[in-house]
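Since the structure comes first, as C-alpha cells, the remarks are kept for the end.
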Amino acid sequence: MIHSIAATPPQSAVATVGPSHVIEPSVVEECLRIYRCVQHELAKVIVGQDEVIEQILISILTKSHALLVGVPGLAKTLIISTLADTLHLSFRRIQFTPDLMPSDITGTEVIHQDPVSGAKEFKFHPGPLFANIVLADEINRTPPKTQAAMLEAMQERRITVGGVTRPLPLPFFVLATQNPLEQEGTYPLPEAQLDRFMFLIHVGYPSPEEEIQIMKRGTGQPCGQPQAVLDGEMILKMQETVKALPVADHVYQYALAIVRATRAKETGAMDYCARYLSFGAGPRASLNLIMAAKAHAMIHGQVYVGCANVAAVAPAIMRHRISVNFSAQSEGITPDDVIAKVLTTVPQHEH
C-alpha cells in the first residue's frame, strides 16, 4: 500500500521552465510533492497497485493514453475513477457495448427550433469524449467503427462532425480497460491501434496482505473520500517540466538498442528475438521510451534521465508493440519474457 504522506496541496504552481531548458531542483521537488499528494489521495481508496498507478500518472504527465488489461475484479475502473477524483478535471465514463455507435461518443447534430421565431437550425450536442479524462471501459467490446472514432480522437485530440472540426478540451487523456479472458463477442484492437496507447498496463492480483486490507475496507468503514489536489494548469506545467528534462546521448543510444534488438529481420536484432518474434517495436516505441523515462525520472526526484529509467518503463511500453511467433507460443514464451531477455542482455552505460 502507498505510504501516507501529508496531502496538503502545493501552495504554488509548478515553476515555468525557462528557455534554456535547465531544470532547477526546486521545480522537480515541487512536481514530486504534487505527485505524492495524488498518491496519498488514491491510497484512501486503492490498496496496492503502486506500479499501475505510477504508470497511469506517467501517461498523464506525457500527454499520452494507457490501456489497462486484467481479469475482472482487480479495480481497473475504480483506479481510474478515483484518479479523476484527485484532479480538478472533467471526467466521463463510456461503457463500450456492441451496439455503441461513433456518434454516441463524439456527439451529433440535432435540429433545434427557436421557440420565438420558429426558425430551425442544426445544433451540436457534444458526446462524452468532450472531457479531460475519458474512461473507455471494456474498449474491446465495441465494433471497429466505434473503436476507430475513439482512437482518432486520441491521436488528433479533435473530432469532425457534420463537416465541422471541433477541438477536444486540454489536457485530454484516454484511460481504457480490457478484459483478457472473455473473447466471445469481442473485437480485439489491431496492433496499429494498440500502438496509440503509450502503456499496456497489466493489472495483477493483490498480495495476501493487500487482499486482507481490501476485505477489511470493503466490509467495514471506508478510509475517506479522495480530495482534488491537482488541476489542469498544474498538469500542463508538469508536462512542460517533463519535456524539458535533459537526456544524455548514451541514454538515447540505450533506448535505441533496446528497440532495434527486437526487430527480428533487421541488422542488430538479438538472436533470441529473431527466433521468437514475428515483428519488433517501431519508432513510436523509441519516442515513448524517452518520454516515459523523463516522467519516471521526475516523479522519483531526479533532474536527469538515466538508463535505469528507460529500463523501468520498457515492459509496459513494448509488450504490445512486439509479436511472438508460433515457436514462442508453443514454448510458452510471452512478450514480457522477450523484453526481460532484452533488458538483461543490452548493457546500461551510465556516464
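Every number in this text was worked out from the coordinates using simple rules, so none of it is lab data. None of these values were measured; they are calculated from a predicted model. Every residue, glycine as well, gets a Cβ built from its backbone with ideal geometry; the counts of neighbours run over all protein chains shown.
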**Request:** Find the relative contact order for segment 77-166 and round it to a whole percent, using C-alpha pairs within less than 8 Å whose residues are 6+ positions apart.
**Result:** 34 percent
**Request:** Quick one: what are the phi-derived ³J(HN,Hα) couplings along segment 102-117, Karplus 6.51/-1.76/1.60 with θ = phi - 60°, whole Hz, x for glycine and proline?
**Result:** x, 5, 5, 9, 8, x, 8, 9, 10, 7, 10, 10, 5, x, 8, 8
**Set of aspartates and glutamates with alpha-carbon distance to Lys145 below 16 Å, sequence-local pairs under 8 removed** = Asp99, Asp104, Glu191
**Prompt:** Expressed as a rounded percentage, what relative contact order does the chain have, with Cα pairs under 8 Å and six or more residues apart?
**Reply:** 22 percent
**Request:** Collect residues whose amide H, placed 1.01 Å from N in the peptide plane, falls under 5 Å from the amide H of Leu277; neighbours closer than 5 in sequence don't count.
**Result:** Asn325
**Asked** Among rounded, prolate and oblate, which fits the chain when a ≥ b ≥ c are the square roots of the eigenvalues of its C-alpha gyration tensor, a/c under 1.5 means rounded, and a/b larger than b/c means prolate?
**Response** rounded
**Request:** With both partners inside the chain, how many of the DSSP beta bridges are antiparallel, as a percent to the nearest 5?
**Result:** 40 percent
**Taking N as its residue count, the alpha carbon Rg of segment 246-351 over 2.2 N^0.38 Å** = 1.05
**Message:** Give the separation of the Cα centroids, segment 94-152 to segment 189-221, in Å.
**Reply:** 28 Å
**Prompt:** With a sphere of radius 12 Å drawn around the Cβ of Arg166, what net charge do the other residues whose Cβ falls strictly inside it have (Lys, Arg +1; Asp, Glu -1)?
**Reply:** 0
**Proximal lysines relative to Lys243, as straight alpha-carbon distance under 25 Å, when same-chain residues fewer than 8 apart are discounted** = Lys63, Lys294
**Request:** List every residue whose amide H lies under 5 Å from the amide H of Phe173, counting only residues 5 or more places away in sequence or on a different chain, with H placed 1.01 Å from N in the peptide plane.
**Result:** Ile133, Val134
